[in-house]
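Single-structure report; data block below.
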2 protein chains.
Amino acid sequence: MRFIARVEVSLRPGIADPEGATIERALGALGFDGIASVRAGRSFQVELDATNKEEAQSTAASLADRLLANPIIERYEIEVTELS
Amino acid sequence: MRFIARVEVSLRPGIADPEGATIERALGALGFDGIASVRAGRSFQVELDATNKEEAQSTAASLADRLLANPIIERYEIEVTELS
């Protein structure tokens, strides 16, 4: 079966986020009011074959740990859906 | 009321994605089997004040259009949740 794993990688709370801070300032200059904070991250869509959803989930977690995220400063969330 | 808008920006289908292609090759070298494709994107968490969820959604769409995404080559998805 084929699955899509969406891996969203974001900085851990407390880690400085210069990209987010820059966007926050730019939004103010563009006239957007009421923006409290912006945090920037990365996202990945991985299409993979697995025998079931659990296996797809654990493969995605393993590749996030080993390649997509730096666990010292980043955390990740995974959402797996089956491709019809 | 305060909301969190998650904006996920990804390349449109057909637009070359060298970062995703590089990750795909690296995963093969790391021994991951069954990876069909990898697409890389960016994600943003915007905390904002609005009078209701619809207003938060439309503000997030407007800042995605104007600042976060390049609509020529990218598309975006927005998910708004109310902060308790």
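The values are calculated or read from the model by the stated rules, or taken from the named source; none is laboratory data. This is a predicted model, so every value here is computed, not measured. Don't worry about glycine lacking a Cβ; one is built from the backbone with ideal geometry, like all the others, and counts go over all protein chains shown. Only protein heavy atoms, including side chains, enter the accessible area calculation; ligands, DNA and RNA are left aside. Shrake-Rupley method; radii C 1.70, N 1.55, O 1.52, S 1.80 Å.
The table below lists the values:
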item	result
Residue selected from the stretch B:39-55 under the condition facing chain A (nearest Cβ under 7 Å) and of a type in the set (D, E, K, R), by the criterion farthest from B:Pro13 (Cα to Cα)	B:Asp49
Residue in the stretch B:37-52 that is surrounded by fewer than 16 Cβ atoms within 10 Å (Cβ to Cβ), free of Cβ contacts under 8 Å to residues at least 24 places away in the same chain and in a strand (DSSP E or B) present	yes
Single unsatisfied condition, A:Gly14 versus (1) open to solvent by less than 70 Å² (accessible area, probe 1.4 Å); (2) away from chain B (no Cβ under 11 Å)	(1)
Residue satisfying condition, being buried (at least 21 other Cβ atoms within 10 Å of the Cβ) and touching a strand residue (DSSP E or B) at 6+ places or on another chain (Cβ under 8 Å), within set B:Thr59, B:Thr81	B:Thr59
Checklist (1) touching a residue at least 60 places away in the same chain (Cβ under 8 Å); (2) crowded, with 19+ Cβ neighbours inside 10 Å applied to A:Arg75, failing item	(2)
Single match in B:Ala36, B:Ala61, B:Ala26 (criterion: closer than 20 Å to A:Gly20 by Cβ and either within 14 Å of the chain's Cα centre (by Cα) or facing chain A (nearest Cβ under 9 Å) (or both))	B:Ala61
Tally, over the stretch A:44-84, of residues that are among the acidic types (Asp, Glu) and touching a Lys or Arg at 6+ places or on another chain (Cβ under 6 Å)	2
Search result, residues across the stretch B:1-11 that are open to solvent by 60 Å² or more (accessible area, probe 1.4 Å) and either more than 10 Å from chain A (Cβ to nearest Cβ) or of a type in the set (Asp, Glu) (or both)	B:Met1
Within the stretch A:21-36, tally of residues that are not hydrophobic (A, V, I, L, M, F, W, C) and not in a helix (DSSP H, G or I)	3
